[in-house]
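K.L.:
Dropping a structure here in structure tokens format, bear with me for questions.
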Amino acid sequence: MLLQYASMDSDLSQMNRSNNIAPTSGAFFQSAQHFKVESSVFVGHQTNIYHSDIEKLALYIISGASFNSSARDPPPRCHPQTRTAILQRIHEFLATAIAPKRILWLCGYAGVGKSAIVQTVAESFSMPTQALGYRLGTAVFFSGPNNRNDPKRLFPTVAYQLATQSPAYREFIISQLATDPLLCEKSMAEQFRLLLVVPFAERQIDRDAGSLVIMLDGLDECKGDREQVEIITLVSRFIIQHPDVPILWVIASRPEPHIRNAFSRFPTFLEETVPIDSDEACKDVELYLHRSFDKIREDYPECFSAQVQWPSEKQFLTLSTVASGHFALATTAVRFVEDPEYGNPVSRLEEVLAVVDDHSTAGMKGTANPLAALDALYTRILSSISKDILPTTLRILAYNHQGYFESPNFRAPANFWRLGQSDVYSALRKLHSVLSVPTPDLVDDHNIEVYHRSFDDYLLDPERSGSFYLYSRERHGDWLQAGVLILYQAVSPSGHYILIGSIFVWKVAPENILLSWPPLEEKDKTQHQILKNALQAVSNSFCKASEPVRREVLPRLAYILKHLDLVEASSFVGTFGFYRDLYYGFREFLRDVRNRELGSARVVHADQLDSSHIAIDRPCYVFLHETGLEEPSTDKRGFNPLDIISWEGQKRGEPPEVTERGIFCHAVGPLNADGMKQILLDVRSLSVDEPSSEVYIWGFGEKRVILFERKFTVGSGKQICTYIVPYPEP
């Protein structure tokens, strides 16, 4: 018998209490005082394995991605009596599917309502009248704009949700994690094997309980085209190799070419297209608009006269024609009209119609951009923000779109941009039709949520968003100025210093960073996070900001470079982008003669290096970048795989099979003697093979480092290694 489906993102402590499991600290004699123990050996006895291992698994899930998560509340769902035909076809597939056709690919362009359909199907499993012969195992909702898109967390998320339902599967997971605590850090293929193939194909867990349904929404929002293809491949091969395992899959995505190609390689799927302008979609949107306007009239009775029809037939026809079955446009328009911040739905509807009326003749059919009317509405929404507040609004939005930034809650962008609580809420006040903004009592656990990915797409496309584009030179100037100010605070005198020779050198002090909206707890954690983001902002934006801004920050940046211990700062970041951007940004910085005269760094030729000065007992950092290889190279230049963090991304303008990959090797040195030997060899061979190549020397005394780059040919591709190596002065 299966357990009742619980909220996947509920507090673990509640789950523990519901299972009569007391929380433990992992310490002996908790809270005991005034006693002494001598000559004893203690052996910990763990009595609550379930609590411990489920917590371990929870550390690796995509938080907020379940269908009943509070992070998605209220989720998109089909309006009553809409989408009835397509919902019926999905349930028919689940009731009658046979191998090998065990995947239903729900595909459609942006804004047609795919997520609402998946949500509605997931919720239908909890209806009391169910006797379907199939049951919901898990539903995972990817979201790129809301950072719920890590492919390495997909299968742990699936396992976590399954473990909350099936006692047999839960016991299996407990056993697996006890045997291999690092199971969730393995490759996706190995995770899939251990978390799905072994329990359901080999152990045949819950084989007699009917078909198990796994739903993945927004696969195209999962990070990485290659990862998206791998997920489809893993699922399809599993179905072919184990046709008797009763697992059904519903996968929703945009019809991206690489996704379509991946599906077409296997005879395992049926396609269900959600068209924009089908008769069914248009009728469903019209029904949604009718009921939404009825509710608005109920909520604002003082705004309407019983003798006047609202909206008029012409107004309704214009909006429904422009929407043409496009739910994203319809729902955004409704939220805009009903926004309580304005309280005037009559004038707000007139604003919407004035914006979209140019697209009403042909609707969405035949236009060059199928989202043209929605883009126009987004432009109108952002244009309503006053010019003095708009830069703050765009900074907040940009912060939450930075993929390499940590943004755990709503306070994060406020503290980075030095904004108070009132500043943040004021800047977002007119965006409630496109954003879900957490209330003040939820800011420590929640962040901004984008209602629909089309708004994110709009902000990231300069041709569509124009002056609202989030990555303009002006925005990079903002990043640079904010990052420099934070770093200046972190390296200013604070009583934290070390003596190097006869010189006092200040250590990086995150506790010096001022918080404009401090959290109630873990202030130090917030300051460390802001320091990390500042380092990345400066390295990423220095070359992209305008020349006047770079000139403006130069004095403070020179001060920072003079006092910043790069090796220590590197320990705060630990992401490949920092090293890549830092190297190229630093190179551009030093090519300006005026910057070299600041005295914090200089450029030398490789043949001027003395490899005996390299501190082999200190950490050094290497970023290895591969390009032009169809498969990852097995040659990692002797760097210990235990000390690497892999990444992979699609190179823009290239076909899906051509990718860029990299490994970030950290703490090479005393923890990795072989890797350190390789670095010494690379330094020595550089001076022989490329004696005139540029090497950058940063800092002075014991904290001095060298930065350089080496290129290697590997088969048909290339490896580019960027090094940051301790090079103390003799």
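K.L.:
Can you name every residue in segment 335-347 that is closer than 13 Å to residue 299 by Cβ, assigned to a helix (DSSP H, G or I) and either open to solvent by less than 10 Å² (accessible area, probe 1.4 Å) or small (Gly, Ala, Ser) (or both)?
P.N.:
Hits for segment 335-347 are 337, 345.
K.L.:
Can you give me the number of residues within segment 169-182 that are open to solvent by 50 Å² or more (accessible area, probe 1.4 Å) and either assigned to a helix (DSSP H, G or I) or acidic (Asp, Glu) (or both)?
P.N.:
In the first step, residues of segment 169-182 are kept if they are open to solvent by 50 Å² or more (accessible area, probe 1.4 Å); the result is 171, 175, 178-179, 181-182.
When the remaining residues are screened for being either assigned to a helix (DSSP H, G or I) or acidic (Asp, Glu) (or both), the result is 171, 175, 178-179.
Residues flagged as open to solvent by 50 Å² or more (accessible area, probe 1.4 Å) and either assigned to a helix (DSSP H, G or I) or acidic (Asp, Glu) (or both) within segment 169-182 amount to 4.
K.L.:
Moving on. Which members of segment 678-730 meet the condition of being among the charged types (D, E, K, R), within 16 Å of residue 623 (Cα to Cα) and surrounded by fewer than 17 Cβ atoms within 10 Å (Cβ to Cβ)? Explain how you work it out, then say what you get.
P.N.:
Just the residues of segment 678-730 that are among the charged types (D, E, K, R), to begin with: 682, 684, 689-690, 694, 702-704, 709-711, 718, 729.
Remaining after also requiring within 16 Å of residue 623 (Cα to Cα): 682, 709-711, 718.
Passing the criteria: 711, 718.
K.L.:
While we're here: Return a yes/no flag: does segment 266-287 have any residue that is within 20 Å of residue 153 (Cα to Cα), assigned to a loop (DSSP other than H, G, I, E, B) and among the hydrophobic types (A, V, I, L, M, F, W, C). If you could, list the steps in order and put the result at the bottom.
P.N.:
Pass one, segment 266-287, residues within 20 Å of residue 153 (Cα to Cα): none.
Within segment 266-287, not a single residue is within 20 Å of residue 153 (Cα to Cα), assigned to a loop (DSSP other than H, G, I, E, B) and among the hydrophobic types (A, V, I, L, M, F, W, C).
K.L.:
Can you name every residue in segment 323-333 that is under 15 Å from residue 292 (Cβ atoms) and open to solvent by less than 10 Å² (accessible area, probe 1.4 Å)?
P.N.:
Within segment 323-333, 323, 326, 328, 329, 330, 332, 333 meet the criteria.
K.L.:
With surrounded by fewer than 16 Cβ atoms within 10 Å (Cβ to Cβ), at pLDDT 65 or above and assigned to a loop (DSSP other than H, G, I, E, B) as the only criterion, which of 524, 607, 617 stands out? Steps first, please.
P.N.:
Working: 524 fails: assigned to a loop (DSSP other than H, G, I, E, B); 607 fails: assigned to a loop (DSSP other than H, G, I, E, B).
Only one candidate qualifies: 617.
K.L.:
So, in segment 457-488, how many residues would count as being open to solvent by 40 Å² or more (accessible area, probe 1.4 Å), closer than 12 Å to residue 545 by Cα and assigned to a loop (DSSP other than H, G, I, E, B)?
P.N.:
The qualifying residues number 1.
K.L.:
Still on this structure, please answer the following. Just need a number here: residues in segment 293-314 that are surrounded by fewer than 18 Cβ atoms within 10 Å (Cβ to Cβ) and under 30 Å from residue 278 (Cα atoms).
P.N.:
As a first pass, look at segment 293-314 and keep what is surrounded by fewer than 18 Cβ atoms within 10 Å (Cβ to Cβ): 294-295, 297-310, 312-314.
Next cut, under 30 Å from residue 278 (Cα atoms) only: 294-295, 297, 309-310, 312-314.
Adding up the residues that qualify gives 8.
K.L.:
Counting only residues that are acidic (Asp, Glu) and within 23 Å of residue 126 (Cβ to Cβ), which one in segment 183-222 is surrounded by the fewest Cβ atoms within 10 Å (Cβ to Cβ)?
P.N.:
By that ranking, first place goes to 208.
K.L.:
Scanning segment 228-247 for residues that are in contact with a Pro (Cβ under 9 Å, 6 or more places away or on another chain) and not small (Gly, Ala, Ser), which turns out surrounded by the most Cβ atoms within 10 Å (Cβ to Cβ)?
P.N.:
Checked segment 228-247; the qualifying residue surrounded by the most Cβ atoms within 10 Å (Cβ to Cβ) is 228.
K.L.:
Quick check, is residue 225 modelled with pLDDT under 95, closer than 22 Å to residue 146 by Cα, crowded, with 21+ Cβ neighbours inside 10 Å and under 24 Å from the mean Cα position of the chain (by Cα)?
P.N.:
So residue 225 passes the test.
K.L.:
Checking the structure you have, find out if any residue of segment 230-252 is small (Gly, Ala, Ser) and at pLDDT below 95.
P.N.:
Looking for residues that are small (Gly, Ala, Ser) and at pLDDT below 95, one finds none in segment 230-252, hence no.
K.L.:
Moving on. Please enumerate the residues belonging to segment 76-132 that are of a type in the set (S, T, N, Q) and at pLDDT below 90.
P.N.:
Matches in segment 76-132: 81, 82, 126, 129, 130.
K.L.:
Condition first: hydrophobic (A, V, I, L, M, F, W, C), open to solvent by 60 Å² or more (accessible area, probe 1.4 Å), at pLDDT 95 or above and in contact with a strand residue (DSSP E or B) (Cβ under 6 Å, 6 or more places away or on another chain). Can you find one or more residues in segment 262-282 that meet it? Even if it seems obvious, please write down each step before you answer.
P.N.:
Filtering segment 262-282 for residues hydrophobic (A, V, I, L, M, F, W, C) gives 262-263, 266, 269-270, 274, 276, 281-282.
Among the residues that remain, those that are also open to solvent by 60 Å² or more (accessible area, probe 1.4 Å) are: 270.
Keeping just the survivors that are at pLDDT 95 or above gives 270.
Narrowing the set further to residues that are in contact with a strand residue (DSSP E or B) (Cβ under 6 Å, 6 or more places away or on another chain) leaves 270.
Yes.
K.L.:
Sticking with this structure for a sec: Out of segment 689-730, which residues are outside any loop (DSSP other than H, G, I, E, B), in contact (Cβ under 8 Å) with a residue 40 or more places away in the chain and among the hydroxyl-bearing types (Ser, Thr, Tyr)?
P.N.:
Correct list: 696, 722, 723.
K.L.:
When residue 454 is evaluated against the numbered criteria (1) part of a loop (DSSP other than H, G, I, E, B); (2) at pLDDT below 90; (3) closer than 30 Å to residue 217 by Cβ, which criterion, by number, is the only one it fails?
P.N.:
The one condition residue 454 does not meet is (1).
K.L.:
Still on this structure, please answer the following. Would it be correct to say that residue 239 is closer than 28 Å to residue 135 by Cβ and in contact (Cβ under 8 Å) with a residue 12 or more places away in the chain?
P.N.:
Answer is yes for this residue.
K.L.:
Being open to solvent by 10 Å² or more (accessible area, probe 1.4 Å) and in contact with an Asp or Glu (Cβ under 8 Å, 6 or more places away or on another chain) is the filter; apply it to segment 372-415 and report the residue that is nearest to residue 145 (Cα to Cα).
P.N.:
Checking each candidate, the answer is 401.
K.L.:
Run down 191, 88, 176 and say which single residue is within 21 Å of residue 284 (Cβ to Cβ) and without any contact (Cβ under 8 Å) to a residue 60 or more places away in the chain. So that I can check it myself, show each step before the final result.
P.N.:
On the way: 191 fails: within 21 Å of residue 284 (Cβ to Cβ); 176 fails: within 21 Å of residue 284 (Cβ to Cβ).
From the options 191, 88, 176, the qualifying one is 88.
K.L.:
Looking only at segment 84-112, which residues are farther than 26 Å from residue 236 by Cβ and surrounded by 23 or more Cβ atoms within 10 Å (Cβ to Cβ)?
P.N.:
Correct list: 111 only.
K.L.:
If you go through segment 652-675 one residue at a time, do you hit one that is under 19 Å from residue 613 (Cα atoms), touching a strand residue (DSSP E or B) at 6+ places or on another chain (Cβ under 6 Å), at pLDDT 70 or above and not in a strand (DSSP E or B)?
P.N.:
no
K.L.:
For the structure I just gave you, tell me whether residue 139 is among the hydrophobic types (A, V, I, L, M, F, W, C), out of contact with any Cys (no Cβ under 7 Å at 6 or more places or on another chain) and in a helix (DSSP H, G or I). It would help to see each step written out before you state the result.
P.N.:
Details: among the hydrophobic types (A, V, I, L, M, F, W, C): yes; out of contact with any Cys (no Cβ under 7 Å at 6 or more places or on another chain): yes; in a helix (DSSP H, G or I): no.
Here the answer is no, as residue 139 does not meet what is asked.
K.L.:
Looking only at segment 205-219, decide whether some residue is part of a helix (DSSP H, G or I) and without any contact (Cβ under 8 Å) to a residue 12 or more places away in the chain.
P.N.:
no
K.L.:
How many residues does segment 180-202 hold that are at pLDDT 95 or above, over 18 Å from residue 227 (Cβ atoms) and among the charged types (D, E, K, R)?
P.N.:
1
K.L.:
Given the conditions (1) modelled with pLDDT of 90 or more; (2) farther than 28 Å from residue 529 by Cα; (3) of a type in the set (Lys, Arg), which single one is not true for residue 395?
P.N.:
Evaluating residue 395 over (1) modelled with pLDDT of 90 or more; (2) farther than 28 Å from residue 529 by Cα; (3) of a type in the set (Lys, Arg) leaves (2) as the failure.
K.L.:
If only one of 512, 533, 540 is touching a Phe, Trp or Tyr at 6+ places or on another chain (Cβ under 8 Å) and at pLDDT 85 or above, which one is it? Break it down into steps so the answer makes sense when it comes.
P.N.:
Numbers: 512 fails: touching a Phe, Trp or Tyr at 6+ places or on another chain (Cβ under 8 Å); 540 fails: at pLDDT 85 or above.
From the options 512, 533, 540, the qualifying one is 533.
K.L.:
Now for a separate question. Report whether or not residue 434 is in contact with a His (Cβ under 8 Å, 6 or more places away or on another chain) and on the phi < 0 side of the Ramachandran plot.
P.N.:
Numbers: in contact with a His (Cβ under 8 Å, 6 or more places away or on another chain): yes; on the phi < 0 side of the Ramachandran plot: yes.
Judged against the criteria, residue 434 is a match.
K.L.:
Applying the selection to segment 84-99, what residues are part of a helix (DSSP H, G or I) and in contact with a helix residue (DSSP H, G or I) (Cβ under 8 Å, 6 or more places away or on another chain)?
P.N.:
85, 86, 87, 90, 91
The values are calculated or read from the model by the stated rules, or taken from the named source; none is laboratory data. Model, not experiment: these values are computed from the prediction. Reconstructed Cβ throughout: ideal geometry from the backbone, glycine too, with neighbour counts over all protein chains shown. Heads up: the accessible areas ignore ligands, DNA and RNA and are worked out on the full protein's heavy atoms, side chains in. Shrake-Rupley method; radii C 1.70, N 1.55, O 1.52, S 1.80 Å.
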